[in-house]
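Just below is one structure, and these are the notes that go with it.
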Amino acid sequence: MPYEKLFQKGRIGNLTIRNRAVMTPMATDFASPDGTASMRLIRYYQERAKGGIGLIINEYTGVDHVTSIPALFQLRASSDVHVAGLEMLVDAVHAHGACIFAQLHHAGSTSKPALTGQQALSASDVPIAPGAPIPRPMTIEEIREVQRKFVDAAIRCQKAGYDGVELHGAHSYLIGQFFSPYYNKRSDEYGGSFENRMRFIAEIIDGIREKLGRRFPISVRISGDEMTPQVPGTLNLQDGLQIGLYLQNKGIDVLNVSNGSGLNANANCDPYSYKPGWKKHVAKAFKQVLRIPVIATNTIKDPDFAEQLLEEGVCDFVGLGRSQFADPEFVNKAKAGRSDEIRPCIGCMVCRERLLAKGMTVVCAVNPRMGREHLYPDYRKNGMNRKVCVVGGGPGGLEAARVLAERGFQVTLLEKQSVLGGTLNLADKPPHKELVTKLTKAMIRQVEVLGVDVRCETEATPEMVKALAPEAVFLATGAAPIIPKLPGIELANVHLAEDVVAGKAKLSGKVAVIGTGMTGLETAEMLGNMGCRLTLVEMLPEIGPGIYPVIRNDILGRIMAFEPELLPGHRLVEIVPGSIRMEKADGTQAEVQVDHVVLSLGTAPNPALAEAFETACGRVIPIGDAAQAGRIYEATKDAFDKAYHFD
Ligand SMILES: Cc1cc2nc3c(=O)[nH]c(=O)nc-3n(C[C@H](O)[C@H](O)[C@H](O)COP(=O)(O)O)c2cc1C
């Protein structure tokens, strides 16, 4: 049997879990405005249960909507009105054989005063990060009240049918704020000594045990290592182990080991440059000292690695976070020997960007159906072998071909290159982009399995497509690089970013990269690695405009090692042999000497192509970049939606 360890049953307290795969809690903001589980949220979790996961620990669930509102649509168990929705959620998950815990949460200092109308509470008055709003130290009465709210929420969860609860003690939320000498400056019995800093959670555990008995499983999620060594008072691995042992002695049933702090979120949820398993020493240290089972995330993108972690004795249960966004069928596909069809999370962080930077519901770049399962139920199988043609085998084309084939259409996919993948075959070339290669392989495999008629090295013409007599043409021909009409643009030392990335333009010396969106920065990193000296020119006031800061800081951190010249607020106006001329925001001119110029100014669709196909073939549906230039998320979403609804 493949993945012998992954598919062994597991035990948490008296509970038997069907395998060793745990979906870790991930906020989605899919709940209703009052915190009730919505149909959207229920269908989303149901899909993961159906996909074979053993245990779902659902997203952070508020215990107190008076003093803790970290997001607009947080799921809650803070009032009796929430029980009915939670019960529906639990039933939907149980129906597919998975178990479910609720992660009980108080945001502490990360609660938003704009949403609660009051100053946030915490152990003391230390903000979550320098410059963030200052919280108010809790009085003893407030401590008691919040503890009671945790217990009441656990009671509601048990009533709703949950298999257990998890206390969220990781990532510097309220419980973590009490744990931490950095955030907890109290001098009463809830601060100072280790025992005192543990008292807040210890009394919650006692309260839950008193009301619900020994048999109702309790998990605690902690940051095993906050990985913030530069800040005194934050918790390191030794501190984490001490907390783990303490909680075990307190009688909890399972420890969910995460990492990171309010000052280092990357240690919890990492961008694409972090390699799978980079933090496995932390979980392994817990596994070695604890008797109770250990759950741990480890940047797991495929079942082979999950199995390896179990074999190595890193944990008892593998924690799958974003992999469950990317492909809810991860576990079932692994079981069925179809691992090559699993869409991997690519670490692009669009999920976090939506939630944390934009205050919007979570989306996934590689799974456009995620969070929309209620609107996009199982595919209508009404293709009836009708012919459709997809022109272009990039992310949009592959996604459209897959969905149309799922629906029973007879799909011909034409690709002018010798291999499928389109822009994905460029996107995976910059450093650390191996996950994009993995995604490309999975997307190609999916269309193969569905029997799509793939024709590579076939440059589609309107006449050729017309001869295939399709009912519609899905035009996924991508977009062309934007080349501004500027003096000197035609010079031989002016190159396109995509040519650098593809290895067609091999440059040396001093290179100016014009435009610092993601492609510009990735190109700059490649050029830096080739030994070029870099000048980054950006028209807008900051380098990397619009890029989610976690990703921007990650890549800029590496680029800064090349000591680039950074020119934000500079607009390219002219290229002359040996230098570029720019206009600054204040209207003054600037000039720098460069050997090469690389343009990374975005892309734009070519409407003439769509018109030509329309004239010859009738119904033409531009998708992805051919409709509107965007990232992988925009391409797959557009393709999915149009292929899903096509009639
Ligand atoms: C959008 C998003 C929301 C998250 N919300 C929570 C949460 O509510 N509670 C929690 O303990 N961790 C949360 N996490 C962290 C995940 O549970 C997990 O630890 C992290 O994504 C790393 O695991 P992965 O590499 O498998 O994704 C969240 C992560 C993401 C991406």
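The values are calculated or read from the model by the stated rules, or taken from the named source; none is laboratory data. Bear in mind the structure is a predicted one, so any value in this text is a computation, not a measurement. Because the Cβ atoms are built from the backbone with ideal geometry, glycine has one as well, and the counts that use them run over all protein chains shown.
Would you confirm whether any residue within segment 570-582 is touching a residue at least 40 places away in the same chain (Cβ under 8 Å) and of a type in the set (Asp, Glu)?
yes
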Item to complete: List the number of the failed condition for Val592; all other conditions in (1) surrounded by 22 or more Cβ atoms within 10 Å (Cβ to Cβ); (2) in contact with a Leu (Cβ under 9 Å, 6 or more places away or on another chain); (3) not aromatic (Phe, Trp, Tyr) hold.
Response: (1)
Fill in: Every residue from segment 362-382 that is among the polar types (S, T, N, Q) and either crowded, with 22+ Cβ neighbours inside 10 Å or within 16 Å of the chain's Cα centre (by Cα) (or both)
Asn367
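Starting from residues that are assigned to a helix (DSSP H, G or I) and either over 24 Å from Pro293 (Cα atoms) or out of contact with any helix residue (DSSP H, G or I) (no Cβ under 7 Å at 6 or more places or on another chain) (or both), keep the ones in segment 313-337 and report whichever is nearest to the ligand (Cβ to nearest atom).
Initially, segment 313-337 is screened for residues assigned to a helix (DSSP H, G or I), giving 322-326, 330-335.
Those left that are additionally either over 24 Å from Pro293 (Cα atoms) or out of contact with any helix residue (DSSP H, G or I) (no Cβ under 7 Å at 6 or more places or on another chain) (or both): 325-326, 331-333, 335.
Working: Phe325: 7, Ala326: 9, Val331: 13, Asn332: 18, Lys333: 17, Lys335: 19 Å.
Filtering first and then ranking leaves Phe325.
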Discussion item. Restricting to segment 261-279, name every residue that is in contact (Cβ under 8 Å) with a residue 40 or more places away in the chain, in a loop (DSSP other than H, G, I, E, B) and away from the ligand (no atom under 11 Å from the Cβ).
Written reply: Gly262, Leu263, Ser273
Fill in: Selection count where residues are more than 27 Å from the chain's Cα centre (by Cα) and touching a residue at least 40 places away in the same chain (Cβ under 8 Å), scope segment 537-567
3
Item to complete: Among what's in segment 340-374 and is within 16 Å of Gly51 (Cβ to Cβ) and assigned by TED's automatic domain parsing to the domain that holds Met39, pick the residue that is nearest to the ligand (Cβ to nearest atom).
Response: Cys345
Response to the item:
By residue number, the members of segment 477-504 that are among the acidic types (Asp, Glu) and over 32 Å from the mean Cα position of the chain (by Cα) are Glu490
Practice prompt. Give segment 26-48 a look and list any residue that's of a type in the set (A, V, I, L, M) and surrounded by fewer than 24 Cβ atoms within 10 Å (Cβ to Cβ), or say none.
Written response: Met26, Ala27, Met39, Ile42
Discussion item. Quick check on my filter: what residues within segment 1-49 are away from the ligand (no atom under 16 Å from the Cβ) and among the aromatic types (Phe, Trp, Tyr)?
Written reply: Tyr3, Phe7
Worksheet item: List the pairs whose first member sits in segment 19-33 and is outside any loop (DSSP other than H, G, I, E, B), whose second member is of a type in the set (D, E, K, R) and surrounded by 24 or more Cβ atoms within 10 Å (Cβ to Cβ), and whose Cβ atoms are under 9 Å apart, counting only residues at least 6 apart or on separate chains?
Response: Met23/Arg48
Response to the item:
Only one of Ala629, Ala643 is at pLDDT below 95 and either surrounded by 16 or more Cβ atoms within 10 Å (Cβ to Cβ) or at positive phi (or both), namely Ala629
Item to complete: Among the residues of segment 513-564, count how many are among the hydroxyl-bearing types (Ser, Thr, Tyr) and closer than 18 Å to Asp270 by Cβ.
Response: 1
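Across segment 50-64, what is the number of residues that are away from the ligand (no atom under 11 Å from the Cβ) and buried (at least 24 other Cβ atoms within 10 Å of the Cβ)? I'd like the intermediate steps shown before the answer.
Going residue by residue through segment 50-64, those that are away from the ligand (no atom under 11 Å from the Cβ) are 50-56, 63-64.
Then keep just the ones that are buried (at least 24 other Cβ atoms within 10 Å of the Cβ); that gives 53-56, 63-64.
Selection size over segment 50-64: 6.
Quick one: how many residues across segment 14-31 are within 30 Å of His65 (Cα to Cα) and over 22 Å from the mean Cα position of the chain (by Cα)?
Selection size over segment 14-31: 0.
Among the residues of segment 165-199, write down those that are of a type in the set (Phe, Trp, Tyr) and either within 16 Å of the ligand (Cβ to nearest atom) or surrounded by 24 or more Cβ atoms within 10 Å (Cβ to Cβ) (or both). Spell out how you get there, then give the answer.
The first filter runs over segment 165-199 and keeps only residues of a type in the set (Phe, Trp, Tyr), leaving 173, 178-179, 182-183, 190, 194.
Across segment 165-199, the qualifying residues are Tyr173, Phe178, Phe179, Tyr183.
Of these, Leu491, Leu496, which one is of a type outside the set (D, E, K, R), in contact with a Pro (Cβ under 6 Å, 6 or more places away or on another chain) and closer than 29 Å to Asn606 by Cα? Reasoning before the result, please.
Details: Leu491 fails: in contact with a Pro (Cβ under 6 Å, 6 or more places away or on another chain).
After applying the criteria, what remains is Leu496.
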Response to the item:
The condition from (1) touching a helix residue (DSSP H, G or I) at 6+ places or on another chain (Cβ under 8 Å); (2) surrounded by fewer than 18 Cβ atoms within 10 Å (Cβ to Cβ) that Ala604 misses is numbered (1)
Fill in: Residue in segment 280-312 that is surrounded by the most Cβ atoms within 10 Å (Cβ to Cβ), counting only those that are closer than 28 Å to Glu341 by Cβ and away from the ligand (no atom under 16 Å from the Cβ)
Glu312
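Hey, among Glu463, Glu457, Glu498, which residue is assigned to a loop (DSSP other than H, G, I, E, B) and either farther than 24 Å from Ala635 by Cα or of a type in the set (D, E, K, R) (or both)? Give the steps one after another, and end with the answer.
Working: Glu463 fails: assigned to a loop (DSSP other than H, G, I, E, B); Glu498 fails: assigned to a loop (DSSP other than H, G, I, E, B).
Every option except Glu457 fails the conditions.
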